[in-house]
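The values are calculated or read from the model by the stated rules, or taken from the named source; none is laboratory data. Just so it is clear, the model here is predicted, and its values are computed rather than measured. So basically every Cβ, Gly included, is an ideal-geometry build from the backbone, and we count neighbours across all protein chains shown.
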Amino acid sequence: MKIKRQHTLGIEEAKRRVDLVAEELGGKLNVTSRWEGDHLRVTGRGVSGRILVAEESVEVHVTVGLTMIMLREPIRAAIEGSIDDHIA
């Protein structure tokens with residue numbers, strides 16, 4: 001799945017807020033994350049992806065494995081809610 005949001009925060013502030021998103025989602029979805037340049041790599045049981053931070057946008061790319069496919073929409077809702085709370 002792909003989720004994209006525009007922002008006016010600049011890269012450093014957007015990265016700081018993406019850290020908050022990752023912390024929140026880590027608790028909800030049991031995922032871990034690590035920065036690789038301007039993108040945050042996210043991994044967990046049955047879920048993997050990255051959050052790309054650009055000057056004016058944040059883009060989330062998530063792959064949900066077969067074991068989590070039934071939870072795809074709740075996972076999308078959790079990601080969108082957290083992104084909207086912290087970025088938008």
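Of the set (1) closer than 15 Å to Ala77 by Cα; (2) of a type outside the set (S, T, N, Q); (3) surrounded by fewer than 14 Cβ atoms within 10 Å (Cβ to Cβ); (4) touching a residue at least 60 places away in the same chain (Cβ under 8 Å), all apply to Ile3 but (3).
So that you can scan it fast, the table gives a plain yes or no per residue for (1) in a strand (DSSP E or B); (2) over 14 Å from Ser82 (Cβ atoms); (3) touching a helix residue (DSSP H, G or I) at 6+ places or on another chain (Cβ under 8 Å):
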| site | (1), (2), (3) |
| --- | --- |
| Thr8 | no, yes, no |
| Arg17 | no, no, yes |
| Glu24 | no, no, yes |
| Trp35 | yes, yes, yes |
| Thr43 | yes, yes, no |
| Ser48 | yes, yes, no |
| Leu52 | yes, yes, no |
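Select from the stretch 55-78 the residues that are over 11 Å from Lys4 (Cα atoms) and either of a type in the set (Asp, Glu) or surrounded by 14 or more Cβ atoms within 10 Å (Cβ to Cβ) (or both) and list them in ascending order. Within the stretch 55-78, Glu55, Val62, Val64, Met68, Leu71, Glu73, Ile75, Arg76, Ala78 meet the criteria. Take the conditions (1) loosely packed, with under 13 Cβ neighbours inside 10 Å; (2) assigned to a strand (DSSP E or B); Glu12 misses just one of them, which is (2). For the stretch 54-71, a tally of residues being farther than 16 Å from Gly26 by Cβ and either in a strand (DSSP E or B) or within 14 Å of the chain's Cα centre (by Cα) (or both) returns 7. Applying the set (1) farther than 11 Å from Ile3 by Cα; (2) at pLDDT 95 or above; (3) of a type outside the set (S, T, N, Q) to Gly26 leaves exactly one unmet item: (2).
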